[in-house]
Amino acid sequence: MPEKSFRQRQTIGAVIIYALLAVLMTWPLAAQLGTAIPGKIGDAYVHLWTFNWLKQALLTGQNPFYTNRIFYPDGVSLLNHNLAWVNFAVWLPVQAIVGETAAYSLTFMAIFAFNALAVYWLAREVIGSARAAFVAGLIGGFWPYNLSHHGHPNLILVGWLSFHLLYLRRAFANRRAKDIILAAVFLALLGLTRWQLLFISMFAIALFVLRDLITSRRQWRAMLKSVWWVGGIAFLLMAPLLLPVMTYQLTRTHPEDALVEEAAYGADLLAYFVPSRYHPLWGEQAMTVYRNFVGSRNYVRSIGYTALFLSLLGLAMNWRKSRFWLLMALVYVLLALGPTLYVNGVPMVALPYRWIQDSFLFQMVRFPDRFNVVLSLPVALLAGFGTAALLQMRRLAAFALPLMALLPALIVAESMASYALLPLDVPAWYETLAKMDGDFGVADVPGYSNNNDRYVRQYMVYQLTHGKALVEGRIARPPREAFGFIDSVPLLSHLRGAADPPETVVNVSHQLQLLHEANVRFLIVHKRFLEAEQVAAWKEWLAVAPAYEDADLVVYETDTAVIPPAAFLTDELALDENGRPVIGLMAVSAAPGTAVQGDWVTVNAVWGGMTAVHQDYNLCVSLGSDRPSVDAVHCQPLAPDWPTSRWQANEIVRAVYKFQLDPFMAGGQQTIFMTIVDDQGSIVGKLLNVGRLTVTALPRVFTRPAIANQTNVTWNDEISLLGYEYSAGDTAARELTLYWQAERRMEQSYKIFVHLVDSAGNIAAQSDLIPRSWTYPTNWWEQSEIIADTISLPVAGLASGEYGVWLGLYDPDTGKRLSPLPSGLTANDALWLTTIVIDQVD
């Protein structure tokens, strides 16, 4: 059989095996084509969306670098986005046959077979053994780190580097135009696959060129000329897609937005020797070690014990040819380790990456850990040399075929994984949305979050079904201008930091109107991504009945043109001069149901404007057993944050009213009443009973207790000090319990001060507060009531010695102290109580 034909058969055999292994190593992906795609954290959803967008743009003649299908209505530039042009070019014809999602999975699996074939061709030429090249291709193609990058199909498409080095090697040796052109094409394909990947690969290319220049000194001019041609042709091929990106970055208003503030985590050195966390047999055990690693634990950095053994064997048996690949491996390990060497999560020493990590290109890589994608190449070549050496051993010559079965089996067994998949199920209502006419947008809850945008990635997949624009979106390094509309709507701006309804945004219909005016027709609450309590809170906040609800979604129309009469509890609270309803009550609740005298009561109300309101109204809340008491009326603006004079017809506004119960009010059952009054104080509608409240009396003491140290001092004929007790237990603080008695009810809430004064007359420590740690003000005290008040005196840090305890009362509004009587033990309206000894033990 001719040698060329034999080599072709070998290559075809390798392709078939690599393709079958791609199915095996990503299983069960092949069994779920069209229903799931590879991924773990949702980036795969964004890539699938991006492919769909690029297809739409090319088919309809739109600019592929700009879209308003996300970040609607303003849209967003995609010039900083991770556009996987090469992956898309392969996906486009395949999706025409099998559909978009199945094509995504098929092209993803093909990456590993392609990478393996590329390494195989390079290794075959460098090592000179098809069998050794097959093992090298297996290691390079199914590199554990690349297998674990489920969501980055264009980061792991590194086969172009192997092909580039192969033809660059031939160009240096033969200086044929064909080799130069092919080297340039594959270099361009590296960049077009992902600009980051081009930069990451440059270190391998630079080492390769430098090695050949050093070893072929007489031909260095010709070699540099070849490098010049390869680089020039590659740039011309990349220019149509590269120049717009460069121009955008150089001319944009905020170029710093291209950089992301985040920890530049690297690989843990131990991670290279720990098996895959996704392995079906020992993955759980490996995960106990992974938890110690700094940075992402989703990715596998393991070299593999078989690959490591073969690499060491290759270095030992063929040092002269393999040492270059060792150098390349060490360079990439050093880069991947990042700015600090970690071993099992423990920082050891600073690394050189620390000095280059702030440069623009390295920041664009984001994580030094990503240099591991290219580490696959030198390790694969080293293992190839080791395989060749093993097969050349005379004692093992008879076992060549078993070895060629054993080595791949061991490599595959080590790299096996329970492959992570992302589901593609879509809520049923989106099929209905897809059939609606018109080009409009939808907003989602939870929305775009500064801390977690994983939900948005799923919304982008839903968009592939319904086809409507999204207010939010997820792209790489979004420019700040993309958030202009989101930040202009308080409701959407709130969602950037929280998934709960905004308590401070009260004008519900105005928020929906802002969306409607921007042609955002629906607000969709996703039950899948919220707790049941959060869904209930959103339904209560939005007040109006949803347009649609099922087990997955609650859908609201943003056009609240007419509030249906059934939405009102009553429309008789505010009437105009002709007796027609102006404002209606849509919902009301009061809490708590049981309260103690002096507690705060909260009334939550949702109002609806029947017509445009042209004046500001107030709401009065009152209590009474069967009718409102004039002594328990609390009035405030009906909507403090959105005055009624701004209301339009069908306005929906939320309001919260808080009032404090009188500490002396009668206990028992009370009714909460509400009424609306105009700016003249006149009632403009009916009185409404909004709930019941059970009021219990404050626990009050009127019997004098036994007091260790009795006194007889009175302030302002209002408050008497009956005595005190002192505890010296704690070294950080001492407790002083004061026994007060109210001589009468008082209108003023006084503050108590207690000073520790040293022998020089200086205040060494003090405590100023409302009695009982701010919970029992003096204007709550009943006549003859006795109040025990324990005050903590901070003594930590005080020098040992004697300290006088002085106390007094003062009006916090004026700062004026009350004068104690009798005044024999007073100074500056402060009463000397006792002297304590502080003994600080060293």
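The values are calculated or read from the model by the stated rules, or taken from the named source; none is laboratory data. In this text, all values refer to a predicted model and were calculated from it rather than measured experimentally. We place every Cβ from the backbone using ideal geometry, glycine too, and count neighbours over all the protein chains shown. The area values use the complete protein model at the heavy-atom level, side chains included, leaving out ligands, DNA and RNA. Shrake-Rupley method; radii C 1.70, N 1.55, O 1.52, S 1.80 Å.
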Checklist entry - What do you reckon, is residue 90 of a type in the set (A, V, I, L, M), farther than 30 Å from residue 515 by Cβ and without any contact (Cβ under 8 Å) to a residue 24 or more places away in the chain? => result yes
Item to check | Wholly within region 51-170, helices (runs of 4 or more DSSP H) carrying at least 2 residues that are open to solvent by 20 Å² or more (accessible area, probe 1.4 Å), out of contact with any strand residue (DSSP E or B) (no Cβ under 6 Å at 6 or more places or on another chain) and within 21 Å of residue 465 (Cβ to Cβ) | outcome: 85-98, 100-127
Checklist outcome for this item: Scanning region 250-271 for residues that are crowded, with 17+ Cβ neighbours inside 10 Å and of a type outside the set (A, V, I, L, M, F, W, C) gives 265, 266, 268
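Based on what the data block shows, is residue 289 of a type in the set (A, V, I, L, M) and over 30 Å from the mean Cα position of the chain (by Cα)?
On the way: of a type in the set (A, V, I, L, M): yes; over 30 Å from the mean Cα position of the chain (by Cα): no.
When the stated conditions are applied, residue 289 does not pass them.
Condition (residue is open to solvent by 20 Å² or more (accessible area, probe 1.4 Å) and of a type in the set (Phe, Trp, Tyr)) applied to region 704-717: is it met by at least one residue?
Keep residues of region 704-717 that are open to solvent by 20 Å² or more (accessible area, probe 1.4 Å), which gives 704-706, 708-712, 714, 716-717.
Checking which are of a type in the set (Phe, Trp, Tyr) leaves us with none.
Checked against the condition, which is being open to solvent by 20 Å² or more (accessible area, probe 1.4 Å) and of a type in the set (Phe, Trp, Tyr), region 704-717 yields no hits at all.
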Checklist outcome for this item: Sole miss for residue 180 among (1) β-branched (Val, Ile, Thr); (2) surrounded by fewer than 20 Cβ atoms within 10 Å (Cβ to Cβ); (3) assigned to a helix (DSSP H, G or I) is condition (2)
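Which ones in region 464-515 are part of a loop (DSSP other than H, G, I, E, B) and under 19 Å from residue 48 (Cα atoms)? Write out each step before concluding.
Pass one, region 464-515, residues part of a loop (DSSP other than H, G, I, E, B): 467-468, 471-479, 489, 496-507.
Within region 464-515, 467, 468, 471, 472, 473, 474, 475, 476, 477, 478 qualify.
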Next on the checklist: Name the single residue that is nearest to the chain's Cα centre (by Cα) among those in region 390-442 being free of Cβ contacts under 8 Å to residues at least 40 places away in the same chain, open to solvent by 70 Å² or more (accessible area, probe 1.4 Å) and within 30 Å of residue 108 (Cα to Cα).
Outcome noted: 431
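Go through 314, 338, 304 for me and flag whichever is in contact with a Ser or Thr (Cβ under 7 Å, 6 or more places away or on another chain), on the phi > 0 side of the Ramachandran plot and modelled with pLDDT of 85 or more.
Values: 314 fails: on the phi > 0 side of the Ramachandran plot; 338 fails: in contact with a Ser or Thr (Cβ under 7 Å, 6 or more places away or on another chain).
After applying the criteria, what remains is 304.
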Checklist outcome for this item: residue 828 fails exactly one of (1) touching a residue at least 12 places away in the same chain (Cβ under 8 Å); (2) over 12 Å from residue 754 (Cβ atoms), namely (1)
Item to check | Conditions (1) closer than 17 Å to residue 700 by Cα; (2) open to solvent by 50 Å² or more (accessible area, probe 1.4 Å): number failed by residue 840 | outcome: (1)
Item to check | Subset of region 597-626 that is of a type in the set (Asp, Glu) and within 42 Å of the chain's Cα centre (by Cα) - its residue that is nearest to residue 669 (Cα to Cα) | outcome: 599
Checklist entry - Which is in a helix (DSSP H, G or I) and surrounded by fewer than 14 Cβ atoms within 10 Å (Cβ to Cβ), of 246, 223? => result 246
Checklist outcome for this item: Here the qualifying pairs (Cβ atoms under 8 Å; residues six or more apart or on different chains; first in region 592-617 and touching a residue at least 60 places away in the same chain (Cβ under 8 Å) and on the phi > 0 side of the Ramachandran plot; second open to solvent by 20 Å² or more (accessible area, probe 1.4 Å) and in a loop (DSSP other than H, G, I, E, B)) come out as 598/662; 598/698
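Among the residues of region 605-628 satisfying the criterion of being of a type in the set (A, V, I, L, M, F, W, C) and out of contact with any Ser or Thr (no Cβ under 9 Å at 6 or more places or on another chain), which is surrounded by the fewest Cβ atoms within 10 Å (Cβ to Cβ)? Walk me through how you get there before you give the answer.
So in region 605-628, the residues of a type in the set (A, V, I, L, M, F, W, C) come out as 605-607, 610, 612-613, 619-621, 623.
Right, trim to out of contact with any Ser or Thr (no Cβ under 9 Å at 6 or more places or on another chain) and you get 606, 610, 612.
On the way: 606: 24, 610: 22, 612: 13.
Checking each candidate, the answer is 612.
Quick grid of which residues meet (1) surrounded by fewer than 19 Cβ atoms within 10 Å (Cβ to Cβ); (2) in contact with a strand residue (DSSP E or B) (Cβ under 6 Å, 6 or more places away or on another chain); (3) more than 16 Å from residue 364 (Cβ to Cβ); (4) not basic (Lys, Arg):
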| position | (1), (2), (3), (4) |
| --- | --- |
| 203 | yes, no, no, yes |
| 209 | yes, no, yes, yes |
| 214 | yes, no, yes, yes |
| 234 | no, no, yes, yes |
| 273 | yes, no, yes, yes |
Checklist entry - So residue 738 clears everything in (1) under 49 Å from the mean Cα position of the chain (by Cα); (2) open to solvent by less than 20 Å² (accessible area, probe 1.4 Å); (3) modelled with pLDDT of 95 or more except one condition, right? Which one? => result (1)
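If you go through region 688-703 one residue at a time, how many are of a type in the set (Ser, Thr, Tyr) and either open to solvent by 70 Å² or more (accessible area, probe 1.4 Å) or on the phi > 0 side of the Ramachandran plot (or both)?
At the first step, the residues of region 688-703 found to be of a type in the set (Ser, Thr, Tyr) are 694, 696, 703.
Then drop every residue that is not either open to solvent by 70 Å² or more (accessible area, probe 1.4 Å) or on the phi > 0 side of the Ramachandran plot (or both), which leaves 703.
Count: 1.
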Checklist entry - Given the structure, is residue 686 among the basic types (Lys, Arg) and at pLDDT below 90? => result yes
Next on the checklist: Every residue in region 806-825 that is assigned to a loop (DSSP other than H, G, I, E, B), of a type in the set (Gly, Ala, Ser) and touching a strand residue (DSSP E or B) at 6+ places or on another chain (Cβ under 8 Å), please.
Outcome noted: 819
Checklist entry - Which one of 456, 445 is among the hydrophobic types (A, V, I, L, M, F, W, C), under 23 Å from residue 517 (Cα atoms), surrounded by 19 or more Cβ atoms within 10 Å (Cβ to Cβ) and without any contact (Cβ under 8 Å) to a residue 40 or more places away in the chain? => result 456
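Could you count how many residues in region 516-531 are in a loop (DSSP other than H, G, I, E, B), surrounded by fewer than 17 Cβ atoms within 10 Å (Cβ to Cβ) and at negative phi?
Filtering region 516-531 down to residues in a loop (DSSP other than H, G, I, E, B) leaves 518-519, 530-531.
Still in the running and surrounded by fewer than 17 Cβ atoms within 10 Å (Cβ to Cβ): 519, 531.
Now drop any that are not at negative phi, which leaves 531.
Summing the residues that are in a loop (DSSP other than H, G, I, E, B), surrounded by fewer than 17 Cβ atoms within 10 Å (Cβ to Cβ) and at negative phi in region 516-531 gives 1.
State whether the residues of region 318-339 include one that is touching a strand residue (DSSP E or B) at 6+ places or on another chain (Cβ under 7 Å), in contact (Cβ under 8 Å) with a residue 40 or more places away in the chain and β-branched (Val, Ile, Thr). So that I can check it myself, show each step before the final result.
Narrowing region 318-339 to residues touching a strand residue (DSSP E or B) at 6+ places or on another chain (Cβ under 7 Å): 339.
Checking which are in contact (Cβ under 8 Å) with a residue 40 or more places away in the chain leaves us with 339.
Now restrict to residues that are β-branched (Val, Ile, Thr): none.
Among the residues of region 318-339, not one is touching a strand residue (DSSP E or B) at 6+ places or on another chain (Cβ under 7 Å), in contact (Cβ under 8 Å) with a residue 40 or more places away in the chain and β-branched (Val, Ile, Thr), which makes the answer no.
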Checklist entry - With (1) of a type in the set (Ser, Thr, Tyr); (2) assigned to a strand (DSSP E or B); (3) surrounded by fewer than 18 Cβ atoms within 10 Å (Cβ to Cβ) as the list, and residue 773 as the residue in question, which single condition is left unmet? => result (2)
Checklist outcome for this item: Taking region 548-595 and the residues there that are open to solvent by 60 Å² or more (accessible area, probe 1.4 Å), outside any strand (DSSP E or B) and touching a strand residue (DSSP E or B) at 6+ places or on another chain (Cβ under 9 Å), the one that is farthest from residue 667 (Cα to Cα) would be 559
Item to check | Top-ranked residue of region 644-666 - restricted to ones that are assigned to a loop (DSSP other than H, G, I, E, B) and farther than 15 Å from residue 584 by Cα, ranked as nearest to the chain's Cα centre (by Cα) | outcome: 661
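Consider residue 602 carefully, then state whether it is assigned to a loop (DSSP other than H, G, I, E, B), under 20 Å from residue 653 (Cβ atoms), hydroxyl-bearing (Ser, Thr, Tyr) and open to solvent by less than 40 Å² (accessible area, probe 1.4 Å). Write out each step before concluding.
Working: assigned to a loop (DSSP other than H, G, I, E, B): no; under 20 Å from residue 653 (Cβ atoms): yes; hydroxyl-bearing (Ser, Thr, Tyr): yes; open to solvent by less than 40 Å² (accessible area, probe 1.4 Å): yes.
No: the conditions fail for residue 602.
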